[in-house]
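J.: Pasting in a structure now, in structure tokens, and then I'll have a few things to ask.
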Amino acid sequence: MYEHDVVVVGAGLAGMRAALAAAQQGADTAIITKVHPVRSHSNAAQGGINAALTDRGDDWEDHAYATVKGSDYLGDQDAIEVMAQEAGAAVIELEHMGVIFSRDETGHLGTRRFGGQERARTFFVADITGQAMLHVLYEQVMKENVRVYEEWFVTSLIMVDGECRGVVAMDIMSGKIEAIRAKSVILCTGGVGRAYEPSTNGLIVTGDGMGLAYPAGAALMDMEMIQYHPTTLKGNGVLITEAARGEGAYLLNSEGDRFMKTYAPNMLELASRDVVSRSEATEIQEGRGVDGCVFLDLRHLGRELIETKLSYINEVALDYMNINLADEPIPIQPGMHYIMGGIKTDVWGATPIPGLYAAGECACVSVHGGNRLGANSLLDTVVFGRRSGEAAAARALERPFGRVSEHAAYLDETRIISLLDRKDNGDSVAKVRLAMGETLNEHLAVFREEQGMQTAAKAIQQLKERYRYMPVKAKGKVFNTALVFALELGFMLDCAETICASGLTRKESRGAHYRTDMPTRDDENWLKHVTCTWSPDGPVVDTIPVTFTRWEPVERTY
Amino acid sequence: MKYAFFPGCVSRGGCPELYPAALKVCERLGIELDEMVDASCTGAGVLQEKNKKLGDTLNARTMAIAERMGYDTIMVICSTCQGVMSRAKYTLDNDDTYRAEINALLAEEELVYTGNVQPKHLLWVLIEDVGLDKIREQVQQPLSGVKLAPFYGCYIVRPSDSLGFDENPERQTSLETLIELVGAETIDFAGKTRCCGFPILTINEKASVNMVANHTGDAKDLGADAMVTPCPLCHLNLDGYQPAAAKQRGKSISLPILHFPQMMGLAMGMSAKELGLQRHVIDTKPVQKKVGQV
Amino acid sequence: MQVKLAVKRFDPEREQDQSYVQDYTLDVPDHYTVLDALIQTREEVDESLAVRCSCRASICGSCAMRVNGHAGLGCKTKLLDSMDKDGVVQVEPMGNQPVVKDLVVDMSVFWNKIRAVKPYLQPEGPEPEREYVASNDSMLKLLQTMGCIMCGACVSDCTVLEVNENFLGPAALAKAYRFVGDPRDGATNQRFGELDEPGGMWDCTRCFECVEACPKGVAPMDQIMNLREEAAAAGFTSTIGARHAEIFADTVKHSGWLDELQLAVKTPGMFNIGAQLHNMPVGIRAFLRGKLPPIVHKAIPSVRFVRRIFEKIEED
């Protein structure tokens, strides 16, 4: 059996930041990741990372307030304060590690504007900030010689006496299933975008961490809060960064109007994402779109700015739409992008399960509440990645390994053998996943209502049933991706179930959860989080109050 | 049909047989050449290792001289010259500031680089300017029954963005076109657009010779009677280091390497002697025999 | 439209014929990429087809493969641009790396080479309290090398790696230049010293394959040339490669064109008797055939202008 003090599952920004923190505390740390670290989906974050740097007159409280308001008052304010306060140090630390942040004329870090904030406090590397940070964190992982189990897929958590004591994982290269004992496990597996179709998310974003933690007893919180990004490319749904609007791009409807002036007269295109996506969807519904899209117009920004600060989306627009952003507006639509909800943790990434931590998109601290601000996700990953790494290491360093059965991997081995043994009934992973994705995208999208969510919940139940008999046609041991996809689909179906259950529970509109049948925010009854915990009969739904420190809820306008 | 002519260094140096062979073929096809006696070396990518700007300036100068001579095209007979000059042109034509800097350096000689002159290899001149019909008229001794492996090397195929393939896609199969036109058979093989190994000869001879062994050996195994190249630098390595390659491979290769104008010349009925085939390291007589010259 | 993917497959678990080509004929939308078609194949036709992929937007670097013999990202390669006249697209795994299954290769050697260039910032002295102050231009310049997504396409098509597995290769060298070019890095000379070793920056043969293959405009070979130029300027001039470039430049400066004889004799060093003897058979063979460059090397008429250009640029 392998063993490490701290095992981090996932090697995106949160995972690698957590692993570095744990290793620096002196814990024997390993990362287990189903793809090579630099393939992680943090790559796709484009626009930047928010921080209020006090040495240039910014104030972390302003950042915190913008985040609270952005969350539609569903974010826990104690956690938001932690994140905003630690943001500056996190950005400087990344710069010291080697991230090539854009500079201003004085050679200091430069900023751009981002949505939902009055002030430019987004630090960036062109429009590839995620890639820039991810590769630098991997450089640090190489430098510190942190052990990485590359292309190992975690199949379950090892739970003994209510405590998490490691993970069971499959080496994808060989198909071998192994137990890895650990004193602390940190889940940093990202979101669950592939439960939706389409989604801006990569094919690897399959809710693994949530799917692992949920049956182990952890609560999934705010799962109804799904962010639709306002600017995703027509057709293939590739993300077009908010930085385009941050740099001054317009949103136009079919009549050439900057329609955001109707919905957000002050912040216009830079209102929060839920507001902008909803506005676009309204325009399209009311007949002022073209082929289900509105337009993002960058022409007035000029070729030079586009080629230096927005070069990646320029490449994407050319590659996939044959559009040069300097010459032509580009058709875009809201697209599923991010989940604000996830595994409920405290500000140290700890779940109520001893030994189990979570950070990044798979976690819910909750700093994003009902709607995440652009460029707060990268910040979330490094701040809470580091904190969870430190906390997990501290726990690990003060105790011996817990007892783990020699046969810890046995259950998963047999589960996988029986999965591969299933008879071909004509069904497939792809079919089930597509049905799930289209269901959620229809009923738990920018607009929701009771009937639709009921329909979705029922459909997900049926898909879970189909999943029990769904065959895996590829039988090999070496790099059997079909098997991996089948296991991922199980995680996604669990997440989908909680997304529906949470959505049906929240009887109001808040943030990304906009119910056409209950269009107003209800602070009287719903300043609370919805949580789901696993039971054999389906999710047990509960609520817990939002934590307030200093900002009372007021009407939210942009 | 008249061009400014840039013979390059190697066609008069390490491969002295190339220059006269090319001239004779041009003469036969009515291509008039105005040799650029004042042009310098392109740098061959080597000078660029030491100082890229230096290389770009020398190439800008060459193109400016051609323009002053009244030409819009410089004919070259070396892939490396073609590639290096094209790359310099590409850089200069896409960067106004840089072009201005370079022009400042040319001012003393009263030269101006405008971007109006393009380098063009004889290989492309034949297909695009002379035309296949006119060449066909001159084929007196078709190379029927001869199997020829085209070897482009690097510089006439990469980087593709500076070599005009968008406007002239036929450039990418130009050698095959001419091989077929002269009545020979094309032997296609994996290495035809790979590196000959010449640039690393002095740095890592073993690796360089290994490349020679792979390309010549593969072509030979596929039945080639000879290999044809538009690049004298490739010729230097593929021909000159073939004995070493055979030794490394542990078996004889003996694949004659023809400069592409030599292939044209043979088909036009010129003698092996005129074309300088006796100067090659690898004996070309087996090919000569096949075309009835021995 | 209809497309036929001819996929080179490899299955280590088969007893025989582990390597084979399998054709998949599909109906796909015109805008599909090679990766889109492979995903459709995997989902609808053959679940056993192994290919790494995730973002579908050329940023994660998972799906490098060879299409019609050349490496690139499957997600950035349009079917319409790749089909031959019969609608066939050849798909193979990357080269220069062992195949694990189908289009999946083992990239551990790739990563070992990245590790070998100490791929992380090595600042000089203690860290400042705030950020390092550096001009935006100096940072913008690094974006080209930083834009590398480590997909391996350049390594796949590198002609030197085919014959010399000790070569660091285009990706690692471009990564090295990313740090050499970083004003915050303090280990430049140490890096040059290591890159000067055999297998390092001088082993590139300048074939442009990596420039052609790179889907992100990193142009690894250009970065290798930058390394050579900057290393030589920093005084790393003792390798054969550096001397070769130096002598090449000298002869061009002297006469306007290349003096091959001088270059051949001087590069290994006039008194490097071993090398001179080693080169002799080639020289003698060439001489006997009348293939040797002219002994008397005449300068071009306007050589003084060439020399002026050298002088002016060398002054800078």
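J.: Among what's in the range B:21-54 and is more than 16 Å from residue C:206 (Cβ to Cβ) and of a type in the set (Lys, Arg), pick the residue that is farthest from the chain's Cα centre (by Cα).
T.: Here the answer is B:53.
J.: Further, regarding this structure: If you check A:491, A:485, A:548, which single one turns out to be hydrophobic (A, V, I, L, M, F, W, C), within 14 Å of chain C (Cβ to nearest Cβ) and open to solvent by less than 70 Å² (accessible area, probe 1.4 Å)?
T.: A:485
J.: So which residues in the range A:494-511 are open to solvent by less than 10 Å² (accessible area, probe 1.4 Å) and among the hydrophobic types (A, V, I, L, M, F, W, C)?
T.: The answer is A:495, A:496, A:499, A:500.
J.: Within the range C:99-129, which residues are within 17 Å of residue C:158 (Cα to Cα) and touching a Ser or Thr at 6+ places or on another chain (Cβ under 9 Å)?
T.: The first filter runs over the range C:99-129 and keeps only residues within 17 Å of residue C:158 (Cα to Cα), leaving C:99, C:105-114.
Matches in the range C:99-129: C:99, C:105.
J.: Being buried (at least 23 other Cβ atoms within 10 Å of the Cβ) and farther than 16 Å from residue A:203 by Cα is the filter here; which residues of the range C:43-65 pass it?
T.: Residue satisfying the conditions is C:65 alone.
J.: Applying the selection to the range A:1-34, what residues are in contact with a helix residue (DSSP H, G or I) (Cβ under 9 Å, 6 or more places away or on another chain), assigned to a loop (DSSP other than H, G, I, E, B) and surrounded by fewer than 23 Cβ atoms within 10 Å (Cβ to Cβ)?
T.: A:25, A:26, A:28
J.: For the range A:515-532, how many residues are in a loop (DSSP other than H, G, I, E, B), free of Cβ contacts under 8 Å to residues at least 24 places away in the same chain and either over 15 Å from residue A:554 (Cα atoms) or open to solvent by 60 Å² or more (accessible area, probe 1.4 Å) (or both)?
T.: 2
J.: Show me the helices (runs of 4 or more DSSP H) found entirely inside the range B:211-293 where at least 1 residues are away from chain C (no Cβ under 12 Å) and over 16 Å from residue B:149 (Cβ atoms).
T.: Working: elements: B:232-240, B:242-249, B:260-267, B:285-290.
Once the helices (runs of 4 or more DSSP H) in the range B:211-293 are filtered for at least 1 residues that are away from chain C (no Cβ under 12 Å) and over 16 Å from residue B:149 (Cβ atoms), what remains is B:242-249, B:260-267, B:285-290.
J.: Then there is this: Among the listed residues B:22, B:64, identify the single one that is over 20 Å from residue B:130 (Cβ atoms) and at pLDDT 95 or above.
T.: Going through B:22, B:64 in turn, the sole match is B:64.
J.: For the range C:1-18, give me the residue count where each residue is open to solvent by 10 Å² or more (accessible area, probe 1.4 Å) and farther than 19 Å from residue C:64 by Cβ.
T.: Qualifying residue count, the range C:1-18: 11.
J.: Looking at the range C:68-119, which of its residues are touching a Lys or Arg at 6+ places or on another chain (Cβ under 6 Å) and charged (D, E, K, R)?
T.: C:92, C:102
J.: Working carefully through the options C:40, C:97, find the one that is polar (S, T, N, Q) and either touching a residue at least 40 places away in the same chain (Cβ under 8 Å) or out of contact with any strand residue (DSSP E or B) (no Cβ under 7 Å at 6 or more places or on another chain) (or both).
T.: The match here is C:97.
J.: Here is a follow-up. Just to be sure, is residue C:289 modelled with pLDDT of 90 or more, open to solvent by 50 Å² or more (accessible area, probe 1.4 Å) and at the interface with chain B (Cβ under 8 Å from one of its Cβ atoms)?
T.: no
J.: What's the number of the condition residue A:470 fails, among (1) within 30 Å of residue C:101 (Cβ to Cβ); (2) more than 14 Å from every other protein chain (Cβ to nearest Cβ); (3) of a type outside the set (Asp, Glu)?
T.: Here residue A:470 clears every test but (2).
J.: Within the range B:215-225, is even one residue in contact with a helix residue (DSSP H, G or I) (Cβ under 7 Å, 6 or more places away or on another chain), buried (at least 20 other Cβ atoms within 10 Å of the Cβ) and basic (Lys, Arg)?
T.: no
J.: Follow-up. When the residues of the range C:139-172 are narrowed to those that are away from chain B (no Cβ under 13 Å) and more than 27 Å from residue C:51 (Cα to Cα), which ends up most open to solvent (accessible area, probe 1.4 Å)?
T.: Among them, the one singled out is C:141.
J.: A further question follows. When residue A:477 is evaluated against the numbered criteria (1) in contact with a helix residue (DSSP H, G or I) (Cβ under 8 Å, 6 or more places away or on another chain); (2) in a loop (DSSP other than H, G, I, E, B); (3) open to solvent by 20 Å² or more (accessible area, probe 1.4 Å), which criterion, by number, is the only one it fails?
T.: (1)
J.: Okay, moving on. Hey, residue B:164 hits all of (1) in contact with a Phe, Trp or Tyr (Cβ under 9 Å, 6 or more places away or on another chain); (2) assigned to a helix (DSSP H, G or I); (3) touching a residue at least 12 places away in the same chain (Cβ under 8 Å) but one; which does it fall short on?
T.: Among (1) in contact with a Phe, Trp or Tyr (Cβ under 9 Å, 6 or more places away or on another chain); (2) assigned to a helix (DSSP H, G or I); (3) touching a residue at least 12 places away in the same chain (Cβ under 8 Å), residue B:164 violates only (2).
J.: Which of the following residues is crowded, with 24+ Cβ neighbours inside 10 Å, not β-branched (Val, Ile, Thr) and not in a loop (DSSP other than H, G, I, E, B): A:438, A:361, A:413?
T.: One residue alone meets the criteria, A:361.
J.: If you take just the helices (runs of 4 or more DSSP H) that sit entirely in the range C:184-253, which of them hold at least 3 residues that are under 30 Å from residue C:302 (Cα atoms), free of Cβ contacts under 8 Å to residues at least 24 places away in the same chain and facing another protein chain (nearest Cβ under 9 Å)?
T.: Fully inside the range C:184-253 and qualifying: C:220-233.
The values are calculated or read from the model by the stated rules, or taken from the named source; none is laboratory data. In this text the structure is predicted, and so the values were computed from the model without any measurement. Every residue, glycine among them, receives a Cβ derived from its backbone with ideal geometry; neighbour counts consider all protein chains shown. These area figures cover heavy atoms from the full protein model, side chains too; ligands, DNA and RNA do not enter into them. Shrake-Rupley method; radii C 1.70, N 1.55, O 1.52, S 1.80 Å.
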